[in-house]
Amino acid sequence: MQSPATAEAAAPAAGKPQQQTPDVVIETRNLSKIYRDFWGRQKVRALKALDLEVRRGEIFGLLGPNGSGKSTTIKLLLGLLFPSSGRALVFDRDATDVSKNERIGYLPEESYLYKFLNAEETLDFYGRLFDMSAARRRERINELIDMVGLQWAKRRQLKEYSKGMTRRIGLAQALINDPELLMLDEPTTGLDPIGCREMKDLILKLRDEGKTILMCSHQLADVQDVCDRIAILHQGELKELGRVDSLLKVQDVTQIRAQGLSKEAEAEICALIERNGGKLLAMENPTWTLEELFLNIVRESEAHPGRRAQER
Amino acid sequence: MVVEQEVLPFLAWLPNALLIFAGIVVGMGLVGLFVGYLVAAVRHGPGEGFYVVAGVLNTGIPDLVMISPRRTWAMARLAIQESLRNRVLVAFGVFALILLFGAWYIDIRNDDPARLYLSVVLGWSNFLILILVLVLSAFSLPNDIKYRTIYTVVTKPVRAGEIVLGRIIGFSAIGTVLLAVMCLISYVFVIRGLDHSHTIELADLADVTSGTGADSTAVVAAGQSATRTLEGKSSFNAHHRHDVKVTITENADGTKSYRAVADTQMRHTHDIQVVEGDEVTFEIGPPHGALQARVPVYGKLRFLDRTGRPSDKGINVGNEWGYRSYIEGDSQARAIWTFNGITESRFANGLPVELTLRVFRTHKGRIEDKISGEIWLKNPNPAKSVETVRIPFVSAEFSTQQLPIPRKLEGVDAEGRPLGEIDLFADLVDNGKVEIWMRCAERGQYFGMAQADVYLRAADRPFFLNIAKGFTNIWLQMIIVTCMGVMFSTFLSGAVSMLATMASIVLGFFTQFVTEVADYVIARYPFFRRLFELQEEQGAPGGGPIESAVRLFTQQSISTDLDPTPANAVMQAVDLVLMLMMRLVAFMLPDFRSFSTVDYVAYGYNISGDLLAQHCAATLAFVLVLAVIGYFCLRTRELAA
């Protein structure tokens, strides 16, 4: 089997700053971050000369183990951290330029929201930070609360919310300004499987609306499900960059899926493979993923309340 | 009341204040740039550091100018909601408790209960509101950073300036509402606390008319009116009773008219209405005179010593606090106040002089006897050589006595020859100036006075306005503390910024003392003596902190000079720099002692508009400077670090 590391060579050449094209929403040039202590001594080199481009309309995933520099990259792009060297550009502006925030939405790793506000007040507060009229703000708040399914709890203070509910309202605040670029830090953490599915569907829907999404996650399945391109970071360095489909494609293995074949037909296919010099790796019935099974049960239960799930 | 610093008219004060403000702003700007460059140079290297500082300035100045009121108000609303949901109203409960139970502890037998009541309500309001805004402002931003809620805020198009200003406005708004309610409650508490009444029975009054009985009847018979005077005491209420004097005038037509007055006890008196019916009864009005706002006109004080030679100060009788000077009795020593702006329109009925003298006795005599003195007016123009006859008085120690000087007086010339009746404005006032001279008449006894101890009571202002002005001064302090708390919290943790703000408040209360301590060292250097206009005697032996420590450990006396070694020279230079910095810090901090006008209200003096205007201007200056420092600190801080 070939290593996926050889995939796409379309990434920008490292260390060569170039003029940002209109299609490039995020660009980092030689971006490095060193954490220092009070006395200026180096503690951690969190990011090493990262060169990255995120293009308009794509879902870009940042992957890596803990401490690989994913969150640092997002924080540098948001201006929450300042680069030790190199540059981070968002919409062709420096990441520390506040005006870029007009066009971005950010969902942090945990929903860092004011617990003493209720859902409506939360969205109203964040809405006021944008140039939105009161009427537009009200309309948008209603839309978003509907979208994240919290109409029933919109008057409750966030301190009474469950983790999943807080994530939902966190997502709503990230979308309050209808942003062109969304930065999502671990978007599915804390959500139940239905919430995860909805989040992933929403991410895809937002992409279809022409928005750009940058997300980082440990949930590799989620990344695989939604991301167009991914970058894999390890110990602050970029290890891999490319399209998910081409990165994951196993070039020399062919998979055939068919329905309604008899045992004889299966034996014939095996013989055919052998005749052509191929090697049969597996022939078996596929299994559902646990997520698919769970979602099917829940859907069925909602359609027929009280009935026990059918045996499969 | 002690008035250590003269209050200049606002417009006379402003130019100098603006100059100092500009100096501080420029100085702090330069220091800020230098420190900013040093930090940037350490992080990014000397060349790149320059560009970082230039970048911060380049984006910072437009950021500050283009502050959005909408976003600032959103941040302010958040601060208000945060305070309310964090049970800020508990402060109210504490205030209510203090008022409920405080009344038990107020010594209502005191001579001046109004002063006690006012000191309590103003003092506690001041303390509570400062503590409240201190906690609110110092912990809010650090908590946002600690719990990372700041991430979702700064990733919106909010400028650091709007975050800082929004918090200042929000917490100030909360404090303002709380303080306004406290002011209202205080006013009602004081008025109700002091309210009381007495009763007077006609039967309890004794007739003290001279020549009562047949004489008066005879006068009435002759077709004229006659008067009778009754005297007695009112009932004992609120720990005192008043002496009452009733004058009954029997008119020629047989009708009687009554006039009743009560004397002044515990700084107040009552109006008495006489109700004539089958029986004569008295209706006693509410107390008045306890709550007042006198407008004093202060003069300039100078002295003549015991031989009659001019001197800046009188005698120091051994008090360390040199606020009051003393004049010797039965000698040529005089205290002379020169008053300005004395016009007929202001003082048509003469000069309402009020004085609060101290007495220093060198022999006991009869300790209950008051010490006598003389006071007289003099035309300040020596060519005119006109003065009034000497008006004798006895000192009422520790309390303010009134000594109204009528417009028409007997005059004498410089040699004491009588000039007949003279007019205050025609003969004694020269270009709006008049002098009040005072001597102590008893040998071996001394009168002590400060400039503010003798004044002309030009008018009275409404008391409610004065208490409102007192609370306005508390409000101004609250604004400064809020700004300080928010400013410190942009770069320190919550607890540390609260400590830093508290330290600034404490230093602010003792700026004078800190400056004096710094001057012990600074005044030893002739160059700095000239620079800060200090006297050589303001220096003290022993040196600054390092030198003192060295002397302590090496057991060297503070009166011996150290050996002139290079090490000692360096040590003393470092001490000097430290003391100069301490003086500078004390100079820049708000002088909270001057902001505190509780005494004005409590002692019944009007808070002058000039003083209030100066405090408002100074507060505005602090708000501007602290908000800008807060902006740059937050702007250059890595919030996710």
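The values are calculated or read from the model by the stated rules, or taken from the named source; none is laboratory data. Everything quoted here is computed from the prediction, not taken from an experiment. No Cβ is skipped: glycine too gets one built from the backbone with ideal geometry, and neighbour counts run over all protein chains shown.
Give the range A:187-224 a look and list any residue that's over 17 Å from A:R299 (Cα atoms), of a type in the set (G, A, S) and assigned to a helix (DSSP H, G or I), or say none.
A:A221
Tell me whether the range B:52-72 contains one or more residues that are under 27 Å from B:I169 (Cα atoms), acidic (D, E) and within 14 Å of another protein chain (Cβ to nearest Cβ).
yes
Can you give me the number of residues within the range B:265-318 that are β-branched (V, I, T) and either in contact with a His (Cβ under 6 Å, 6 or more places away or on another chain) or free of Cβ contacts under 8 Å to residues at least 24 places away in the same chain (or both)?
So the count comes out to 2.
Need at least 3 residues that are at negative phi and over 30 Å from the mean Cα position of the chain (by Cα) per element, so show me which strands (runs of 3 or more DSSP E) inside the range B:355-467 make the cut, counting only ones lying wholly within it.
B:386-388, B:408-413, B:418-423
Looking for whichever is among the aromatic types (F, W, Y) and crowded, with 20+ Cβ neighbours inside 10 Å here; the options are B:F425, B:F447, B:F464. Which one fits?
B:F447
Would you check which residues across the range B:533-561 are modelled with pLDDT under 90, over 34 Å from the mean Cα position of the chain (by Cα) and of a type in the set (D, E, K, R) and list them?
B:D561
Would a scan of the range A:59-71 turn up a residue that is without any contact (Cβ under 8 Å) to a residue 24 or more places away in the chain, under 22 Å from A:L181 (Cα atoms) and either in contact with a strand residue (DSSP E or B) (Cβ under 7 Å, 6 or more places away or on another chain) or outside any strand (DSSP E or B) (or both)?
no
Residues of the range A:112-133 being more than 8 Å from chain B (Cβ to nearest Cβ) and surrounded by 22 or more Cβ atoms within 10 Å (Cβ to Cβ), which ones?
Across the range A:112-133, the qualifying residues are A:A119, A:T122, A:L123, A:G127.
Looking only at the range A:21-48, count how many residues are within 13 Å of chain B (Cβ to nearest Cβ), among the charged types (D, E, K, R) and surrounded by fewer than 22 Cβ atoms within 10 Å (Cβ to Cβ).
4
Which of the residues that make up the range B:565-582 are surrounded by 15 or more Cβ atoms within 10 Å (Cβ to Cβ) and either touching a residue at least 24 places away in the same chain (Cβ under 8 Å) or in contact with an Asp or Glu (Cβ under 6 Å, 6 or more places away or on another chain) (or both)?
Scanning the range B:565-582 gives B:M571, B:Q572, B:D575, B:L576, B:L578, B:M579, B:L580, B:M582.
Could you check the range A:181-225 and list, in sequence order, the residues that are in contact with a strand residue (DSSP E or B) (Cβ under 8 Å, 6 or more places away or on another chain), of a type in the set (V, I, T) and at pLDDT below 90?
Within the range A:181-225, just A:V223 meets the criteria.
Might you let me know whether the range A:112-119 holds any residue that is modelled with pLDDT of 90 or more, charged (D, E, K, R) and in contact with a helix residue (DSSP H, G or I) (Cβ under 6 Å, 6 or more places away or on another chain)?
Yes; the residues of the range A:112-119 include at least one that is modelled with pLDDT of 90 or more, charged (D, E, K, R) and in contact with a helix residue (DSSP H, G or I) (Cβ under 6 Å, 6 or more places away or on another chain).
Quick check: anything in the range A:69-77 within 8 Å of another protein chain (Cβ to nearest Cβ), modelled with pLDDT of 90 or more and surrounded by fewer than 24 Cβ atoms within 10 Å (Cβ to Cβ)?
No, the range A:69-77 contains no residue that is within 8 Å of another protein chain (Cβ to nearest Cβ), modelled with pLDDT of 90 or more and surrounded by fewer than 24 Cβ atoms within 10 Å (Cβ to Cβ).
Working only within the range A:84-111, note down all residues that are touching a residue at least 24 places away in the same chain (Cβ under 8 Å), facing chain B (nearest Cβ under 9 Å), closer than 18 Å to A:L52 by Cβ and buried (at least 17 other Cβ atoms within 10 Å of the Cβ).
Correct list: A:S84, A:I104, A:Y106.
Quick test for you: out of B:T597, B:T554, pick the one residue that is surrounded by fewer than 18 Cβ atoms within 10 Å (Cβ to Cβ) and among the β-branched types (V, I, T).
B:T554
Give the range B:517-531 a look and list any residue that's charged (D, E, K, R) and either under 16 Å from B:A573 (Cβ atoms) or surrounded by fewer than 20 Cβ atoms within 10 Å (Cβ to Cβ) (or both), or say none.
Scanning the range B:517-531 gives B:R524, B:R529, B:R530.
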